Amino acid sequence: MRARAKNYRDLWNPGQRKFWPRRVDGTWLDAPHDSWRYQDYTEQSPETAVWGVPYDVAGIAELVGGKTTLEAMLDEYFDTIYYRKDGGEMTHHENEPTHHIPHGD
């Protein structure tokens, strides 16, 4: 079961540096749907999906290139994505999948 919990890595697209939708044949989609109602994500967006693995922060850090890179991504998330006054199309704090983000490992 522990090995299966790491299957999230199968959706990491190193070219996009995000979790990204794949086709059944394993190829990446060119781009996910570009609205808050992403059909390729469940209650999140590409910008919030990286934070959706709270049980393996070290594994996420490894995927993105290390702890320093992960910390920079977290700073960017809170500085330019999370606190957008208009809410943007990338994140909404009232949506439950983002509630845990400030409480990392």
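The values are calculated or read from the model by the stated rules, or taken from the named source; none is laboratory data. Keep in mind it's a predicted model, so treat the numbers as computed, not measured. Keep in mind that these areas ignore ligands, DNA and RNA; they rest on the heavy atoms of the full protein, side chains included. Shrake-Rupley method; radii C 1.70, N 1.55, O 1.52, S 1.80 Å.
Taking amide H atoms as placed 1.01 Å from N in the peptide plane, the amide H of LYS18 lies under 5 Å from those of ASN13, each 5 or more residues away in sequence or on another chain.
Students sometimes get this wrong: rank ASP25, ASP30 by accessible area, probe 1.4 Å, all chains present, largest first.
Values: ASP25 115, ASP30 135 Å².
Largest accessible area first, the list is ASP30, ASP25.
Ignoring ligands, DNA and RNA, how do ASP79, ASP56 rank by accessible area with a 1.4 Å probe, largest first?
Result, largest first: ASP79, ASP56.
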